[in-house]
Structures are given as structure tokens and as C-alpha cells.
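Structure record follows, encoded as C-alpha cells.
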Amino acid sequence: MNEKLSLLKNNIGRRLIGKDELVDLVLTALLAGGHILLEDVPGVGKTTLARALADSIDAGFSRIQCTPDTMPGDITGVTVYHMEKGVFETMPGPVVNQIVLADELNRATPKTQAALLEAMEERQVTIDGKTIPIPEPFLVIGTENPMEMAGTYPLPEAQLDRFMMKLSVGYPSSEEALRMADEFLSGVLHEPTQAVLLAQDILEMKQEVKQITVHEDLVCYARDLIEETRRRREVRFGASPRALLELLRASQACAYLEGRDYCVPEDVRRMCRVVLPHRLIMTADARMNRTSAQQVVREILEHVRVPQ
């Protein structure tokens, strides 16, 4: 990991204790140009992670607090008529920014959730026929509570597929909880986080990620993994072509974080565990037998031959 990334990771770690692997995955998605979905119970630090990342980069940031009465225009923007001037003015919404936190995304209605689809895929929004580009780097961090929580709506498959990774924060260990409590009581935990990188630094690193070598055998290996998801009897709909492209880009970013200019099979295997599961639509029988998408991905990784 280069000096700039180490500085960014350490700065985020001041606010989120004991989550080094999670932070690595978030930085991987950022450099790969993907979006992140954080799912976990309330209070484990999903929003804290998003704010710590945004505060550590000198870039535009906006937050969308999703509720059942949030409307699509509250996300994309609206057109306002000025009577004094006699003209219509387009006012972009909070999604037209560089780092966007969609907090508790699954509390918004499906119609409102769909307002993010164009922005996440095409890096633009359309307001009353006018197209507005979104500045780079562009990252959407969606947070959601587990579906059994009251007042939540399932995310549509089209939106899930637009998130490169689905991650979980998890509870801290006993030692991490004690350290968190000590820093909270001393006032260190909630000290303001200062920006340590510019948006231009992220753009430059994203270009370097695209130069990471991916051998043809690894491309075929990633393709075979994707195609195997479509053959499994437990899976009704397997991973999409978009999943293949994002798996390859995430593998490049993974290698970049490790300080290599080439990918190895373990990069692809590691990224499979966070890029694929949320994209698989399981059959009714699999759900009844409590067969999870994570379990299917683990079995696929054991089944498909690893290139030498």
C-alpha cells in the first residue's frame, strides 16, 4: 500500500476502531470506481465509516437521509420557476456530488430507490429532460438495516447489481470495545477528521489501477466463476455481465492496495466473496433450506479450477 493510501486508511481508522479489513475493502471499491452497500444492525458504525471516508478526502459530500416519505426529486433535484425572472431553473439534488451517503436506503420506497439507478450507472441525472453530469470521483455509499427490521423495503435487483460490494461492519471484539470506550470517554473518538487527500489524488490512483496487469488466464477464471453462478441449482438468476466487469476492476484495485502491478488468483477469489453474493437470486427451495448466497459462492470457489 502506497503512502497516500496508508495515510487515508490511518485517518479513517481513528474514527472506526479495529476494522482494517473493512476499510481496505472500502478503499478497493473507491479506487475501482464502484459503489458500496453497508448492511448491518443499527449502531455498529455504518454511517461513521461513510463520514470518516468523506471527511478524509477534500471532495464534495452530501447525505440523503432516506425515509418512507422521501421523494425521487429529493434525490435527483427539481426544476423551479422564478416568477421575478420569468425563467425555469434546474436545481440539482444531493446525488450530484462526489461522495454521496444514502443513509438507511431501504427505508425509502421502491420509487425513490429507483431515482439512484441512472446516477449510479451513468454518472448523470436527468431532471425534466435536462442531463447533468456528476463530478468524479463519484461514490455512493448506501447503508441499510437487515430486512427483518421494521419499516424497511427490499432493494430491487437492478439497484443491488449497481453496488460493486455489499459489506458488513460487524460487532467489535472485547478489546476493541474497551479501546472504543476509552477513546470515547477521553473525547478522542469524535474529534473532527481532517482531509488528508485531494479528489485529484483519488483520480490519479484510479488511473493507476486501470494499468494493473490482468493475465488472460485470470480473465477466463473470473468468467468461469461468473458462469458457474448461472449453473447452480440453488440459484434462480446468476451474476450479470456487469458483475464480471466489476469483479475484474475490483481485483485490479485489490492488487494495487497490495503494492503489486499485476493480479494474482487470490485477488479474484477475495473479491468474489464481496462482489458476487448480493447479486445472486436464490430459488425458493434454497431459501427454505437456508442455503445462503455466501455459501454458494464458497462452493463455487472450491469447484472452479484455479489457474496456475
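None of the figures in this text is laboratory data; all of them are computed from the coordinates on show. For clarity, every value in this text was computed on a predicted model and none was experimentally measured. Counting neighbours? That spans all protein chains shown, and the Cβs are built from the backbone with ideal geometry, glycine included.
Before moving on, here are some points about what is shown:
- From the alpha carbon centroid of the range 11-83 to that of the range 108-149 is 12 Å.
- For the range 3-187, the residue among PHE61, VAL41, ILE141 whose Cα projects farthest onto the positive side of the dipole built from Cβ charges is PHE61.
- Taken one residue at a time, the phi angles of the range 27-32 give Karplus couplings (6.51, -1.76, 1.60, θ = phi - 60°) of 5, 4, 5, 4, 6, 8 Hz. Gly and Pro are set to x.
- Difference of contour (0.36 nm per residue) and Cα-Cα distance, GLU122 to GLU21: 33.4 nm
- Legend: calculated FRET efficiency, HIS215 to ILE132, from the Cβ-Cβ distance at R0 = 35 Å, rounded to 0.05, equals 0.35.
- Nitroxide proxy distance, nm - points 7 Å out along Cα→Cβ at ASN2 and GLU84: 4.8 nm
- Charge sum, other residues only, whose C-beta stays under 13 Å from ARG298's C-beta, Lys/Arg counted +1 and Asp/Glu -1: 0
- Charging the Cβ of each Asp and Glu at -1 and of each Lys and Arg at +1, and nothing else, the dipole of the chain about its Cα centre rounds to 680 debye.
- Packing-based ranking, highest mean first, of 288-297, 253-262 given that Cβ atoms within 10 Å are counted: 253-262, 288-297
- Helical runs (DSSP H, four residues minimum) scored at -39500 (n - 2.57) apiece and divided by the length of the chain put the mean residue ellipticity at 222 nm at -12500 deg cm²/dmol.
- The calculated FRET efficiency for the pair MET91 and GLU204, based on their C-beta separation and a Förster distance of 35 Å, comes to about 0.65.
- Peptide ranges 187-197, 63-73 listed from the most packed, as the mean C-beta count within 10 angstrom indicates: 63-73, 187-197
- Once the Cα-Cα distance is subtracted from the 0.36 nm per residue extended length, the GLU183 to ASP224 segment shows a gain of 10.1 nm.
- Positive-end extreme of charge dipole, the chain - chosen from GLN113, LEU248, ASN289 (charges on Cβ): ASN289
- The H on the amide N of VAL235, modeled in the peptide plane, is under 5 Å from the matching H of THR283, each at least 5 residues off or on a different chain.
- Cβ crowding within 10 Å averaged over residues, with 222-232, 79-89, 206-216 ranked highest first: 222-232, 206-216, 79-89
- Size of electric dipole in the range 211-303: Cβ of Lys, Arg +1 and of Asp, Glu -1, about Cα centre, debye, nearest 20: 540 debye
- For the chain, modelled as a GNM whose springs connect Cα atoms under 10 angstrom apart, the maximal fluctuation among SER173, SER62, SER251 occurs at SER173.
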